[in-house]
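Shown next, in structure tokens, is the structure this report addresses.
The values are calculated or read from the model by the stated rules, or taken from the named source; none is laboratory data. Because the structure is a prediction, the values reported are computed rather than measured. Virtual Cβ from ideal backbone geometry, glycine too; neighbours counted across all protein chains shown.
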Amino acid sequence: MTPLELQALWLSLQVAATATALTLPVALLLALALARGRWPGKALLEAAVNLPLVLPPVVIGYALLLGFGRQGPLGRWLHEWLGVSFVFSFRGAVLAAAVMALPLMVRAVRQALEAVDRGLEDAARTLGASRLDAFASVTLPLAAPGLLSGAVLGFAASLGEFGATITFVSNVPGQTQTLPLAIYSALQSADGEAAALRLVACSVLLALAALALAQWSHRRVAGWLGQR
Amino acid sequence: MTPLELQALWLSLQVAATATALTLPVALLLALALARGRWPGKALLEAAVNLPLVLPPVVIGYALLLGFGRQGPLGRWLHEWLGVSFVFSFRGAVLAAAVMALPLMVRAVRQALEAVDRGLEDAARTLGASRLDAFASVTLPLAAPGLLSGAVLGFAASLGEFGATITFVSNVPGQTQTLPLAIYSALQSADGEAAALRLVACSVLLALAALALAQWSHRRVAGWLGQR
Amino acid sequence: MSLLIDVSVARGDTGVTARIDVPPQGITALIGRSGAGKSTLLQAAAGLLRPVTGRVAIDGSTLFDAASGTDLAPGARRLGVVFQDGRLFPHRDVRANLLYGAKRAPASAAGPALDEVVALLGLAPLLARRPHQLSGGERQRVALGRALLGKPRALLMDEPLASLDPPRRQELLGYLAALPARLNLPILYVTHQMDEVMRLADRVVLLADGRVAAEGPALELLSDLTLGPLVGRFEAGSVLAGSVAEQLGDWQLTTVMVAGQRVTVPQVAAAPGAAVRLRIRARDVALQREVLASSASNQLAGTVLRVIEREAPYAAVELALGPGGAPGERLWALVTQRSVQALAVAPGQPMVASFKAVAVEGRAAAVHTETESSSS
Amino acid sequence: MSLLIDVSVARGDTGVTARIDVPPQGITALIGRSGAGKSTLLQAAAGLLRPVTGRVAIDGSTLFDAASGTDLAPGARRLGVVFQDGRLFPHRDVRANLLYGAKRAPASAAGPALDEVVALLGLAPLLARRPHQLSGGERQRVALGRALLGKPRALLMDEPLASLDPPRRQELLGYLAALPARLNLPILYVTHQMDEVMRLADRVVLLADGRVAAEGPALELLSDLTLGPLVGRFEAGSVLAGSVAEQLGDWQLTTVMVAGQRVTVPQVAAAPGAAVRLRIRARDVALQREVLASSASNQLAGTVLRVIEREAPYAAVELALGPGGAPGERLWALVTQRSVQALAVAPGQPMVASFKAVAVEGRAAAVHTETESSSS
Amino acid sequence: ADDEVVVFAAASLTDVLQAIARQGGFTGVRFSFASSSTLARQIEQGATAQIFVSADEPWMDAVGKAGRLLPGTRRDWVGNRLALVAPGSAEPTAPPETAEAVSRLLRAALATPDSRIATGDPAHVPVGKYAQAALGTLGLWAEAGPRLARADNVRSALAFVERGEAPLGITYRTDALASRKVQVVALFPADSHPPIRYPAALLTGAGPAAHRFYEHLFGAEAGALLKAAGFSAP
Ligand SMILES: Nc1ncnc2c1ncn2[C@@H]1O[C@H](COP(=O)(O)OP(=O)(O)OP(=O)(O)O)[C@@H](O)[C@H]1O
Ligand SMILES: Nc1ncnc2c1ncn2[C@@H]1O[C@H](COP(=O)(O)OP(=O)(O)OP(=O)(O)O)[C@@H](O)[C@H]1O
Ligand code: MOO
Ligand SMILES: [Mg+2]
Ligand SMILES: [Mg+2]
């Protein structure tokens, strides 16, 4: 692989890992709010979370550009007050990947949470645990395999994210050129098929490794919990 | 909305509905094989199912084009023997949407299946049911809410599919131009923002409707089963 | 039809290795401490757990055989199972739960009708409900009915009454006790409750640490006070075999001849001359030197066989009622050691055992007599 | 500390409306048919179900009050709960399960130590296991230990012994019986098993169809044979109040004075003069016209108060042992109607009731006497 | 229907081609707009398109190699100019066309650290390829190359400039003229890059209607629209 390709690989890993790590807690909070709460506007939040699933990634990228660009309401604020800008940067690539992965992760996390017997949390609460404590000490660890699988799903989706990324942060080698962007680039060139194949193989291997890792640890955790 | 836009909307609905309906049984079989079976090559199948999640949609579209194009091995065979061709047709759009939705649906279905107490199937089997009968009469209906949510997820993902579709079946109004492709086309024209916004709103409404429908029926089914 | 379970099942680090013959008639109770492996054996018989080795067969036809590789699916075994935890189908109402097995059973097979089971288990008001609208006890009743309606070739029950309230439990016990006569199939009954064993069991298998620690006709095993630590001191007792002498219809009493002596018990539905079985707990039996006038209207003469003084203040005294002291003619009494001394109870000593009519549980035993003699 | 549960809880179409006072000492048994609403009430008290209206308070401090809007979180209530189904945390080993509540309890609160509970419930070999490696019975023992280690202000138990085998159950019963004296907190105990009520309960609340059908000191309620259909005929009995006369250490027996008469029972750990409680099942009591020589060494003279002949062949006969016939001095006998006629049993008639020492369960009752008299 | 024609055309031609078809009354013409490479691959795989209008020559060559071109029908359709655009909505004036002007503006923009020049990806987007060539000729590639924001099509590149994310963009003159939010600040000298040509061709299977539309593309009516849009003769 060429140095540029290696760079894309490394960048992809960084983007996907960062996006997953940042999204997981957000997904957890959202999943909780959606699974447990009963409040007005819940349906709206749910819809908002799911938008990236329903809309073409390019639209999401465009919306991010509108929102987080220097002229965008959020972007301007962040730029002026925190000096943070997203467009053309690693940060933006992470944001795009995170937004696209969010609905998948929220869904996985929510299912994992709902699969845990609420009776156990009740038991914990009668033993002196607050709602939060009971959640953290009982439900969360029991949902761990599901969370893990949600995280891997998010990681995988982040690895593959293309449309939102290129629209939001374009293709800046070393900053925003992740594997999919490199693949796309190679694929669109008349003589890029060899490079594209190489990069696709690389992506596939990466994803397989993530899945295998997830399965292995899922099995370990599940065995440890006595689930089949 | 212009007639072309209405056409895109209608086409999107058809593609998403057909893809979902066709994918659900496949997803069910795959989920079963992955959740229950223990056989060599299982990890490979799992990886294959998940590929569309990890790779940029364009790559999937390109792979479909290579495989199912008239020159492609599968495409030629199907064309010669069955007279069926996928490229640049409604059928192809459905195939692209189905392939992209498959990993999400398999995942949702699998989680739904795994959430059903296996003890119930055991009980059914002691009552004279075969494995299949027990599955169909006990596990399947109990997993129904999860299947439904998987189907809606697949439907939503199909509605938003862009990269694989445009790469595989091109962007022909009335044949393969689904909403996302129409949005893309609108964005490509200098004064297309109004049209794009209109189409995006349309997509969002559609997705919201699907989600709301899913939630409503999920709640009905869950209430009916005595789940919370 | 007779059910043979002769298997070795792995379970965690440990395992269960046992051979149980469940005779074609009557109820075989499987007892033992929690964790002994009762549920494990039952699941292996039902085909839900695959034994490492061994054989499961009903009436000679093999259901599982590690040697020949036979392994019938649970559904093909047609063994009715009632699980500890009910396992009702949450998406079906009670009626549909009840009929699940019935619909899948061969039409030709014998078994109770829906109405019969509904009436018996008091399920009529529940038929349209769903399992989540039932209390624990209601659920278990439905589970029991569902298994019965599946027209099974044998019945495997795992503590089916564990969550029922006493009156309902009594009711169900009555039904269960009547089952063998009606269904004529092997019944394996896992329980912790000695009163259930007393009431229902013809044979008892005692499981301890994954092995059969003792087994035999209920008659003998329940009378074996040396098993006390395993079955519980206060539940231990004797089973007497006799035949109906006279029906005292006015009093709802029946007199029974046991070893040539007359015993009065709450009415047993059996014709004069019919064989019956009487269960008397050792703690209900008092000893005296001679016959006395008391409401303890049963006073049987016997000879002391042995006195076991294991744990103060208790002493277990075994009497032979007839000359031979055959099984079914031996009676245990649980008294204080002080009484043993006060009454000078000693082997060979003639003694009168007294117990109240109300302390006796009697049941017709005609059908099972041959079986038991052949299997013991 | 005293626990008040005075609530109305909606449950499906029906609901439960009841007021239960759980006195600060001793065990209050909540009994009733399956589906009566026992578990519902318990959950409402624990804060797991929100009552529609009413109040839950411990020692005057309000835990829930619909009127004022007070609704303490379950964790803040500090009520130990043992659930019917264990509810162990699958991801923690037994030790961690046991310590879960202990770690969250205020250090200053009183409660048993880990070692103590482990020894008592025989948990030592299980400490490193995970719940899925336990049998049903083992699980329940851990659940019980876990609740005890949480240093609760009151204990709420929902059929905690339902899945234990008899010897282990006896063991646990012993520990539970000792709890009130050790812990000095209100204990609400839901059960189906009359022997548990007999053995443990100081007060009994009988729930039927979501309402309190009867309630009172165990002394009175358990002696009320008219409640037979609800509690089960064979479990009904009497509770006698007396004081220790003499300890017969050699025989492991204790003699107790009841209404001026001497009763011999298996040893009760109490000093001479101490108040004790004796439970005798009606079915264990025989009637006779005069004192006889028998191993049924307890023979108490009394006067027939009433004879209830509800269901042949049984007759329930109530005797007043002392002149007043006060609660604690009345004894029920369950005999046949034929014996009633044979012995000419009728109100006003003097009679001798006999029962064996081994048929009596005695326990020290010193602590609770005032409580009971004040609460009844 | 007989007048059904499917035209595969580069996405950057979306507006003008639709206008031409509309004005000419070709109701049976349907366009599939995507990037030239995507379309070329689809044609190679047997897409039933009858006309292909590519944004650059190599992809038309590829289609030719696959044997899908009707012999003798490949013609350069229109030409375009490479423009340097900046955010703004000033009335179009005559922008400078000198290398110096372009260099000065680019250098000024690059002086701000982190600023980027938006254009198509030189790896595959035609406008990017021309930009790379022009920057090379002007001796700016070493400076500007690493500072490019490479979009996957011209519209995306334009969007970055419209939103002020990039101070400058390199696009076609036509794109700049169509957008109300950017202005052309300079044109690249025409000789700083290979001539920008959009080849068009009839594909195998093209019927009479396709031929008619193809001819119309080269007619005067279309020419007027093309001119108005800023296209030049090839
Ligand atoms: N799923 C399991 N995996 C591993 N070991 C198990 C499993 N279930 C039970 N065991 C262990 O196997 C042994 C037998 O358990 P089993 O459930 O058969 O006992 P049991 O006699 O039915 O007990 P109980 O009376 O409590 O129901 C126990 O030591 C138990 O800890
Ligand atoms: N989750 C629930 N939703 C609606 N109704 C319920 C629910 N759980 C129980 N019930 C109903 O509420 C009533 C009281 O049930 P509860 O579980 O409190 O009874 P219980 O006395 O504890 O019975 P058991 O002895 O069987 O445990 C019953 O009629 C039951 O059918
Ligand atoms: O429309 Mo293009 O092929 O992106 O220049
Ligand atoms: Mg068991
Ligand atoms: Mg209950």
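Data overview
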{"item": "Failed criterion for E:SER89 (all others in (1) under 28 Å from E:LEU135 (Cβ atoms); (2) not in a loop (DSSP other than H, G, I, E, B) hold)", "result": "(2)"}
{"item": "C:ALA73, sole failed condition from (1) among the aliphatic types (A, V, I, L, M); (2) touching a residue at least 40 places away in the same chain (Cβ under 8 Å); (3) more than 16 Å from ligand 1 (Cβ to nearest atom); (4) within 9 Å of another protein chain (Cβ to nearest Cβ)", "result": "(2)"}
{"item": "Filtered residue count, segment D:319-341, keeping only those that are more than 18 Å from D:SER354 (Cβ to Cβ) and more than 9 Å from chain C (Cβ to nearest Cβ)", "result": "6"}
{"item": "Positions within segment D:193-221 being more than 8 Å from the chain's Cα centre (by Cα) and at pLDDT 80 or above, in sequence order", "result": "D:VAL205, D:LEU206, D:LEU207, D:ALA208, D:ASP209, D:GLY210, D:ARG211, D:VAL212, D:ALA213, D:ALA214, D:GLU215, D:GLY216"}
{"item": "Helices (runs of 4 or more DSSP H) within segment C:87-198 that include 3 or more residues within 12 Å of another protein chain (Cβ to nearest Cβ)", "result": "C:94-104, C:136-149, C:166-183"}
{"item": "The one condition in (1) part of a loop (DSSP other than H, G, I, E, B); (2) more than 14 Å from chain C (Cβ to nearest Cβ); (3) more than 16 Å from ligand 1 (Cβ to nearest atom); (4) over 21 Å from D:GLY216 (Cα atoms) that D:GLN25 fails to fulfil", "result": "(4)"}
{"item": "Residue ID - nearest to the other protein chains (Cβ to nearest Cβ), chosen from residues in segment B:31-48 that are surrounded by 13 or more Cβ atoms within 10 Å (Cβ to Cβ), farther than 12 Å from B:GLN111 by Cα and under 21 Å from the mean Cα position of the chain (by Cα)", "result": "B:ALA47"}
{"item": "In segment E:46-60, residue nearest to the other protein chains (Cβ to nearest Cβ) [restricted to those that are over 22 Å from B:LEU66 (Cα atoms) and assigned to a loop (DSSP other than H, G, I, E, B)]", "result": "E:ASP56"}
{"item": "Filtered residues of segment D:133-152 (kept if within 10 Å of ligand 1 (Cβ to nearest atom) and either of a type in the set (Gly, Ala, Ser) or within 14 Å of A:ALA123 (Cβ to Cβ) (or both))", "result": "D:SER135, D:GLY136, D:GLY137, D:ARG139, D:GLN140"}
{"item": "Near pairs, Cβ below 6 angstrom, 6+ apart or cross-chain, from segment A:100-122 (within 14 Å of chain D (Cβ to nearest Cβ)) to any residue that is in a helix (DSSP H, G or I) and not aliphatic (A, V, I, L, M)", "result": "A:ALA112/A:GLY146; A:VAL116/A:THR139; A:GLU121/A:THR139"}
{"item": "Residue check, C:ILE31 closer than 25 Å to C:VAL142 by Cα and more than 16 Å from ligand 3 (Cβ to nearest atom)", "result": "yes"}
{"item": "Count of residues meeting criterion [closer than 21 Å to C:GLY15 by Cα and under 25 Å from the mean Cα position of the chain (by Cα)] in segment C:42-62", "result": "11"}
{"item": "Selection status of C:ILE20, within 16 Å of ligand 1 (Cβ to nearest atom) and of a type outside the set (S, T, N, Q)", "result": "yes"}
{"item": "Some residue of segment C:96-115 being within 16 Å of ligand 4 (Cβ to nearest atom) and at pLDDT below 90", "result": "no"}
{"item": "Candidates B:VAL49, B:VAL58, B:VAL54 - the one that is β-branched (Val, Ile, Thr), more than 17 Å from B:PHE168 (Cβ to Cβ) and in contact (Cβ under 8 Å) with a residue 40 or more places away in the chain", "result": "B:VAL49"}
{"item": "Residue within segment D:301-318 that is part of a loop (DSSP other than H, G, I, E, B), in contact (Cβ under 8 Å) with a residue 24 or more places away in the chain and within 7 Å of chain C (Cβ to nearest Cβ) present", "result": "yes"}
{"item": "Any hit, segment B:87-101, residues being within 27 Å of A:LEU153 (Cβ to Cβ) and either surrounded by fewer than 21 Cβ atoms within 10 Å (Cβ to Cβ) or among the hydroxyl-bearing types (Ser, Thr, Tyr) (or both)", "result": "no"}
{"item": "Qualifying residue in segment A:141-163 (condition: among the small types (Gly, Ala, Ser), assigned to a helix (DSSP H, G or I), surrounded by fewer than 22 Cβ atoms within 10 Å (Cβ to Cβ) and within 14 Å of chain D (Cβ to nearest Cβ))", "result": "yes"}
{"item": "Search result, residues across segment E:61-86 that are assigned to a loop (DSSP other than H, G, I, E, B), within 18 Å of the chain's Cα centre (by Cα) and among the aliphatic types (A, V, I, L, M)", "result": "none"}
{"item": "Every pair of residues 6+ apart whose Cβ atoms lie under 9 Å, when the first sits in segment C:321-340 and is without any contact (Cβ under 8 Å) to a residue 24 or more places away in the chain while the second is crowded, with 22+ Cβ neighbours inside 10 Å and of a type in the set (Lys, Arg)", "result": "C:THR336/D:LYS356"}
{"item": "In segment E:138-156, the residues that are more than 15 Å from E:LEU105 (Cα to Cα), at the interface with chain A (Cβ under 9 Å from one of its Cβ atoms) and without any contact (Cβ under 8 Å) to a residue 40 or more places away in the chain", "result": "E:PRO146, E:ALA149, E:ARG150, E:ALA151, E:SER156"}
{"item": "Helices (runs of 4 or more DSSP H) wholly inside segment E:105-205 that include at least 2 residues being out of contact with any Pro (no Cβ under 8 Å at 6 or more places or on another chain) and surrounded by 19 or more Cβ atoms within 10 Å (Cβ to Cβ)", "result": "E:126-137, E:154-162, E:173-178"}
{"item": "Output for segment E:51-68, where each listed residue is within 14 Å of ligand 3 (Cβ to nearest atom) and touching a strand residue (DSSP E or B) at 6+ places or on another chain (Cβ under 9 Å)", "result": "E:PHE52, E:VAL53, E:SER54, E:ALA55, E:ASP56, E:GLU57, E:TRP59, E:MET60, E:VAL63"}
{"item": "Members of segment D:1-27 that are buried (at least 24 other Cβ atoms within 10 Å of the Cβ) and either free of Cβ contacts under 8 Å to residues at least 24 places away in the same chain or closer than 19 Å to D:VAL82 by Cα (or both)", "result": "D:LEU3, D:ILE5, D:VAL22, D:GLY26, D:ILE27"}
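Quick grid of which residues meet (1) among the hydrophobic types (A, V, I, L, M, F, W, C); (2) under 29 Å from C:GLY35 (Cα atoms); (3) within 16 Å of ligand 3 (Cβ to nearest atom):
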site	(1), (2), (3)
D:LEU63	yes, no, no
D:ASP71	no, no, no
D:VAL82	yes, yes, no
D:GLY122	no, yes, no
D:ARG139	no, yes, no
D:VAL142	yes, yes, no
D:LEU149	yes, yes, no
D:LEU156	yes, yes, no
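Residue by residue, here is whether (1) out of contact with any helix residue (DSSP H, G or I) (no Cβ under 7 Å at 6 or more places or on another chain); (2) not hydroxyl-bearing (Ser, Thr, Tyr) holds:
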position: E:SER156; (1), (2): no, no
position: E:VAL161; (1), (2): yes, yes
position: E:PRO167; (1), (2): no, yes
position: E:ASP191; (1), (2): yes, yes
position: E:LEU202; (1), (2): no, yes
position: E:ALA209; (1), (2): yes, yes
position: E:ARG212; (1), (2): yes, yes
position: E:PHE218; (1), (2): yes, yes
position: E:PRO234; (1), (2): yes, yes
